[in-house]
1. Scan around residue 103 for amide H atoms under 5 Å from its own, H built in the peptide plane at 1.01 Å from N, and keep only partners 5 or more places away or cross-chain.
2. So if each residue of separation counts as 0.36 nm, and I subtract the Cα-Cα distance between residue 29 and residue 128, what length gain in nm does that give?
3. Rounded to the nearest 500 deg cm²/dmol, what is the calculated helix-only ellipticity per residue at 222 nm for the chain, with -39500 (n - 2.57) per DSSP H run of length n ≥ 4?
4. Across the range 76-87, in residue order, what do the Karplus-derived ³J(HN,Hα) couplings come to in whole Hz, using 6.51 cos²θ - 1.76 cosθ + 1.60 with θ = phi - 60° and x for Gly and Pro?
5. Quick one: of the DSSP bridges fully inside the chain, what percent are antiparallel, nearest 5?
6. Could you work out the local net charge near residue 82, counting Lys and Arg as +1, Asp and Glu as -1, over the other residues with Cβ closer than 11 Å to its Cβ?
7. Starting with the fewest neighbours, write out 16, 42 ranked by other beta-carbon atoms found within 10 Å of each beta-carbon.
8. Within a Cβ distance under 12 Å of residue 27, other residues only, what is the Lys/Arg minus Asp/Glu net charge?
Amino acid sequence: MTSEHEAILRAASLRVTRPRLAVLAALHDHPHVDTDTVIHLVRTEHPAVSHQAVYDVLRALTDAGIVRRIQPMGATARYETRVGDNHHHIVCRGCGAIADVACAVGHAPCLSASEDHGFVVDEAEVVYWGTCPECAAERNSH
Ligand SMILES: [Zn+2]
Ligand SMILES: [Zn+2]
């Protein structure tokens with residue numbers, strides 16, 4: 001896995017560094033986590049990596065398109081390594097859990113706005129909101 005992440009960094013013309021590999025590994029294993037969780041995950045394995053280094057790495061990887069930043073309304077930003085497929089997310093209103101939702105209509109999904117106002121549309125951001133199974137079970141038990 002490390003060598004795969006090294007190749008991803010090199011392909012984006014980014015230097016391969018331990019903090020960058022650590023952040024990629026953390027996000028690969030734990031998709032859709034927020035910055036604090038990334039810091040915790042990275043520092044558990046690499047105590048020498050500073051908070052600031054993790055912030056810097058997240059910004060560099062996001063800018064390079066290696067990491068996708070998602071920010072559901074009213075929630076903290078989350079990060080994931082699944083990029084380039086324009087998948088959508090379903091978010092629990094109760095606990096903030098996030099899951100991936102594949103596009104429903106194949107390639108170049110959701111790009112046909114019913115009214116484009118003359119804009120050239122290149123991306124559609126869709127967030128499904130609901131209640132996750134854990135929160136639903138919790139609710140039913142009360
Ligand atoms: Zn929930
Ligand atoms: Zn995702």
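Coordinate-derived values only; no laboratory data. Note that the structure is predicted; figures quoted are calculated from it, not measured. Glycine also receives a Cβ, built like all others from the backbone with ideal geometry; neighbour counts cover every protein chain displayed.
1. Distant-sequence amide H within range of residue 103: 88.
2. 33.3 nm
3. Numbers: 5 runs with 54 residues, N = 142.
The per-residue figure over the chain is -11500 deg cm²/dmol.
4. Result, rounded to whole Hz: 6, 5, 10, 10, 8, 9, 7, 10, x, 10, 6, 6.
5. Percentage antiparallel, nearest 5: 70.
6. -2
7. Numbers: 16 14, 42 25.
The fewest-first ordering by Cβ neighbours comes to 16, 42.
8. +2
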